[in-house]
Amino acid sequence: MESRPANRNSDPNSNPGTNSVGPPSALTYLDPHYWNERFSSEEHYEWLKDYSHFQHLIKANIKISSSVLELGCGNSQLCEELYKDGIVDMTCSDLSSVAVEKMQSRLLSKGYKEIKVVQADMLDLPFNSECFDVVIEKGTMDVLFVDAGDPWNPRQETVSKVMATLDGVHRVLKPNGIFISITFGQPHFRRPLFMDPKFTWSMEYDTFGDGFHYFFYILRKGKRRNDEKEKDEKCKDPSISMYQDELEGEDYLFRTHIGDDED
Ligand SMILES: C[S@@+](CC[C@H](N)C(=O)[O-])C[C@H]1O[C@@H](n2cnc3c(N)ncnc32)[C@H](O)[C@@H]1O
């Protein structure tokens with residue numbers, strides 16, 4: 001699969017305060033140095049869509065008393081928006097030390113001192129077992145898929161990294177906790193991974209967005225039913241969300257590497 005020009009369809013006004021030109025290749029997203037360098041100069045970039053587009057789904061699924069862990073917060077405003085909606089027991093995490101440092105100062109300068117910010121690799125989460133009601137990620141696990149190759153049959157190395165992340169998420173969730181994954185990844189590619197038999201969670205999803213659909217997965221720990229599909233049942237889900245030209249510049253580069261088998 002070829003990389004596309006990073007600034008295709010870029011609209012400098014679409015994500016204010018950011019540069020919307022991505023790296024030369026989507027594989028760069030796997031490089032931790034890239035993120036540190038990027039966050040040194042970038043103050044805010046919101047991947048996929050901002051909170052207003054999926055707030056209704058958050059409100060339907062997260063109680064304000066929940067303890068929430070965000071994976072790969074970057075310089076997103078997701079945690080601030082959750083805080084404004086009343087969720088104060090929140091831990092943001094990212095692999096990038098620069099993202100963590102800048103997020104810490106940003107939150108303190110705004111007076112959101114209850115929100116903790118921790119440097120953490122999602123592949124090896126440094127948290128006790130069963131300590132969060134909710135784990136949430138937006139576009140973070142998508143990074144793991146940029147070198148997946150054939151999305152129907154991802155490389156073993158990609159699968160191992162995804163499973164390490166899911167193992168950790170499953171472990172840190174309380175017995176009735178939920179994992180929310182907000183992503184470009186379509187159900188026929190995500191289900192075989194999310195529904196591995198070793199996990200006890202159930203899987204459901206919603207979509208949001210206009211022409212292009214983004215996916216909002218909800219995995220409920222301890223709620224797996226025996227009749228739920230476990231393994232890859234190809235082509236059962238409708239192939240939706242193909243209006244790629246509606247994606248903003250960098251999202252386009254990202255998505256073409258995480259589950260678009262058209263090339
Ligand atoms: C595509 S950005 C998404 C940022 C943010 N969630 C948003 O919605 O705007 C991916 C984020 O994942 C972080 N990241 C990449 N690899 C990671 C890892 N192994 N563990 C934790 N965070 C990681 C990057 O530093 C970056 O902040």
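TYR29 falls short on exactly one of the conditions (1) touching a Pro at 6+ places or on another chain (Cβ under 9 Å); (2) not in a helix (DSSP H, G or I), and that condition is (2). Of the listed requirements (1) modelled with pLDDT under 95; (2) more than 24 Å from GLY72 (Cβ to Cβ), PHE184 misses just one: (2).
In the stretch 37-77, of all residues being basic (Lys, Arg) and loosely packed, with under 14 Cβ neighbours inside 10 Å, the one that is farthest from HIS170 (Cα to Cα) corresponds to LYS59. Filter the stretch 52-73 for residues that are in contact with a Ser or Thr (Cβ under 9 Å, 6 or more places away or on another chain) and not in a strand (DSSP E or B); which is farthest from the ligand (Cβ to nearest atom)? Taking the candidates together, the pick is SER67.
Of the residues making up the stretch 138-161, those that are within 14 Å of the ligand (Cβ to nearest atom), modelled with pLDDT under 95 and among the aliphatic types (A, V, I, L, M) number 1.
Every residue, every condition in (1) within 9 Å of the ligand (Cβ to nearest atom); (2) exposed (fewer than 15 other Cβ atoms within 10 Å of the Cβ); (3) closer than 16 Å to THR140 by Cβ, yes or no:
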residue: TRP35; (1), (2), (3): yes, no, yes
residue: CYS79; (1), (2), (3): no, no, yes
residue: LYS84; (1), (2), (3): no, yes, no
residue: LEU95; (1), (2), (3): yes, no, yes
residue: MET103; (1), (2), (3): no, no, yes
residue: ARG106; (1), (2), (3): no, no, no
residue: GLU114; (1), (2), (3): no, yes, no
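For the stretch 184-217, a residue qualifies if it is closer than 17 Å to PRO151 by Cβ and aliphatic (A, V, I, L, M), and the qualifying residues are LEU193, MET195.
The values are calculated or read from the model by the stated rules, or taken from the named source; none is laboratory data. Predicted model only: the values in this text are computed from it and were never measured. Ideal geometry is used to build each Cβ from the backbone, glycine not excepted, and the neighbour counts take in all protein chains shown.
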